[in-house]
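Inspection log for the structure reproduced underneath, given as structure tokens.
The values are calculated or read from the model by the stated rules, or taken from the named source; none is laboratory data. Worth saying up front: this structure is predicted, and the values here are computed from it rather than measured. Positions of Cβ are generated from backbone atoms using ideal geometry, with glycine treated the same way; all protein chains shown enter the neighbour counts. SASA here: full protein model, heavy atoms, side chains in, ligands and nucleic acids out. Shrake-Rupley method; radii C 1.70, N 1.55, O 1.52, S 1.80 Å.
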Amino acid sequence: MPLNINGQTKLVGLIGYPVEHSLSPAMHNSAFAALNLSWCYVPLPVHPDRLGEAVAGLQALSFVGANVTVPHKEAVMSYLDEVIPEAQAIGAVNTIVVRDGQGIGYNTDWQGFLTALSEGGFDPHGKRAVVLGAGGAARAVVYALVQAGAQVTVLNRTLARAQALVRDFSPLFPALSLTLQTLEEQTAEAHLLVNATPVGTWPEVDQSPWPEDLAFPGHLTVFDLVYNPHQTKLLQQARAAGAKDIGGLGMLVHQGAVAFELWTGEKAPVETMYEVANKTLGR
Ligand code: NAP
């Protein structure tokens, strides 16, 4: 991945805390190199107390933009000059574009999810989906699915967070509602199950949001946002039951591709990004 850094090199980065394990620097720097662009993507660990200073610093240092990750996706919105309506509706920003000195917030997770879902061969239109989790990623997934014409139910460990999600989305999606039905009851009628919790992420690879003692419904398509490991315990349970499984790497690559295109105006080299992400994960 030779970096061609010179006086005209453009800078982007990743604001998060921590950021050491992110695949995004390798993925984006290889994409820049593949297109022979003199751009550089750097990890920017930002303590939550200094988020405002960091966003002002991006603008002061003439960065073209940044990605934003945990724990800043919601909090960053109050430091931006503008948040586009989709990101506002989702309530989270994962991409900043600095244009004419103004910080503009986008959310590319929902597009990344839909593209990866389609790549996995699932069309959500008219389907019933169950989403596990009610955090920032779940919000992007719910937004994507409802926009694509699916009927969505959210199950979350903490009721208040699920209530907040439904409350925030209800002006946009009046059909969204809360349920007291169990995972088993919900998935019996569903076509798609999405894990938008971190359960099963390395090193907790023996964990799954699907209970061990509950038979897995083989009719489901299962999308796990977790991408490390590639085959999570949940996806192994799904596959063993004959269900179709889709891992989270496609979403990561495609949300990155949309951000890349927002910054550079060039079509992202998605194949390169997949290759590098897989290689970085040791696959
Ligand atoms: P978040 O805002 O912290 O939300 C996490 C959600 O998971 C919350 O609803 C939380 O429930 C639930 N949760 C956490 N631990 C749990 C447990 N042990 N059992 C049951 N529920 C649990 O995080 P996020 O930003 O939404 O990210 C969620 C996951 O998606 C992360 O693993 C992240 O890496 C992944 N992600 C992947 C992509 C991709 O491109 N593939 C993109 C974005 C995010 P409570 O409300 O009860 O705390």
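Remarks
- log10 of Debye I(q)/I(0), alpha-carbon scatterers only, for segment 176-240 at 0.14, 0.25, 0.29 Å⁻¹: -0.40, -1.16, -1.40
- Listed by chain and number, the lysines whose alpha-carbon sits under 19 Å from that of Lys233, ignoring those within fewer than 8 places in the same chain, are Lys244.
- Solvent-accessible area per residue, Å², over the chain with all protein chains present [probe radius 1.4 Å]: 46
- Considering only Ala241, Ala137, Val55, the residue lying farthest towards the positive end of the dipole of the chain is Val55, judged by Cα position with unit charges set on Cβ.
- Among Lys10, Lys233, the order of accessible area from largest down is Lys10, Lys233, computed with a 1.4 Å probe on protein heavy atoms.
- Charge dipole of the chain (Cα centre as origin; +1 on each Lys and Arg Cβ, -1 on each Asp and Glu Cβ, all else neutral): 120 debye, rounded to the nearest 20.
- Mean Kyte hydropathy of -1.0 or more with a Cα span along the axis of at least 18 Å, helices from DSSP in the chain: 249-264
- Counting only protein chain heavy atoms and rolling a 1.4 Å probe, the accessible areas of Thr264, Thr187, Thr280 rank, largest first, as Thr280, Thr264, Thr187.
- Where GluC sites (Glu not before Pro) fall in DSSP loop in segment 18-82, at most 10 other Cβ within 10 Å: Glu20
- In the complete set of protein chains, residue-level accessible area for Asp49 is approximately 130 Å², probe 1.4 angstrom.
- Reduced Cα scattering model of the chain, Debye log10 I(q)/I(0), q = 0.07, 0.14, 0.15 Å⁻¹: -0.25, -1.01, -1.15
- Probe 1.4 Å - accessible area at Leu262, Å² to nearest ten: 60
- Normalised radius of gyration (Cα atoms, divided by 2.2 N^0.38 Å) for segment 110-247: 0.97.
- Take 219-228, 151-160 and order them by the average number of nearby Cβ atoms within 10 Å per residue, most first; the result is 219-228, 151-160.
- Percent carbon-and-sulfur accessible area, segment 110-247, ignoring ligands, DNA and RNA, probe 1.4 Å: 52
- Furthest towards positive pole of dipole, Val64, His125, His230, structure part the chain, Cβ charges: Val64
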